[in-house]
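The values are calculated or read from the model by the stated rules, or taken from the named source; none is laboratory data. Everything numeric in this text was worked out from a predicted model, so none of it was measured. Backbone-built Cβ (ideal geometry, glycine too); neighbour counts: all protein chains shown. Note: accessible area is taken over every heavy atom of the protein model, side chains too, but ligands, DNA and RNA are not part of it. Shrake-Rupley method; radii C 1.70, N 1.55, O 1.52, S 1.80 Å.
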Amino acid sequence: MTYRCLLQMVLLLCFSTTALSMNYSLLRFQQRKSVAVCQKLLRQLPSTPQHCLEVRMDFQVPEEMKQAQKLRKEDAVLVIYEMLQQIFGILTRDFSSTGWSETVIEDLLVELHGQMDHLEPIQKEIMQRKNFTTGDMTVLHLKKYYFNLGQYLKSMEYNSCAWTVVRVQILMNFSFLKSLTVYLQD
């Protein structure tokens, strides 16, 4: 059994108890490690020429993504979960024109799915409280942002330049996710 599988099994056992009473420091550790893995995998994907950046557009990055310090840890969980879910959805689209390794994409999707599995019980418990939070509004803004990314890919017919632009956006997203994990403290 690999170290990664063992760590995932331990984390699953830890997260099977009441989610919000669990150790946020452990969650922070797991998320930080997983974000680093995702960033490394994304960087393994070959980029296309610099001229592709000429076809980029303003995807209207939510302001909240630039101000992570304003989010409570519960809001951070909601935002992280939504971002992972949306990134997962984007990466399951047609990337055949990119020359990207399917293995790298599959590894990235497995890592994203693992992160979502760890966060889901906590996310559900927060949602059951039905407290309207800053995180709720941020999630709405994120949905619009990712919708714009998806529409961009579609309008560009999923060509390699469009994927290069989106890859840069997703790398930026992981930088934001990394900064959000700081707020997952007990």
Segment GLU106-ALA36, extension gain: residue separation times 0.36 nm, minus the distance between their alpha carbons:
23.6 nm
Round to the nearest 10 and report in Å² the accessible area of SER175, as given by a 1.4 Å probe over the protein chains' heavy atoms.
60
Given that compact globular proteins tend to follow 2.2 N^0.38 Å, what is the ratio of the alpha-carbon Rg of region 82-121 to that value?
1.22
Rounded if a/c is under 1.5, else prolate if a/b is larger than b/c, else oblate: which is region 43-147, with a ≥ b ≥ c the root eigenvalues of its Cα gyration tensor?
oblate
Entries in LYS124/LYS154; LYS73/LYS124; LYS40/LYS70; LYS40/LYS66; LYS40/LYS178 that, when Cα-Cα distance is taken, lie over 20 Å:
LYS124/LYS154; LYS40/LYS70; LYS40/LYS66
So what J values fall out for region 65-81 if you push phi through Karplus, 6.51 cos²θ - 1.76 cosθ + 1.60 with θ = phi - 60°, rounded to Hz, Gly and Pro as x?
5, 9, 10, 4, 5, 7, 8, 6, 5, 5, 5, 4, 4, 4, 5, 4, 4
Provide Rg and Dmax in Å for region 94-160, with only Cα atoms included in the calculation.
16.1, 45
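Tell me, what % of the accessible area of region 23-183 is carbon and sulfur with a 1.4 angstrom probe? The partial results should precede the final answer.
Details: 4120 of 7870 Å².
Using a 1.4 Å probe with all protein chains present, region 23-183 comes out at 52 percent carbon and sulfur.
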What net charge is computed for the residues neighbouring GLN50, neighbours being all others with C-beta under 14 Å from the C-beta of GLN50, Lys and Arg scored +1, Asp and Glu -1?
+1
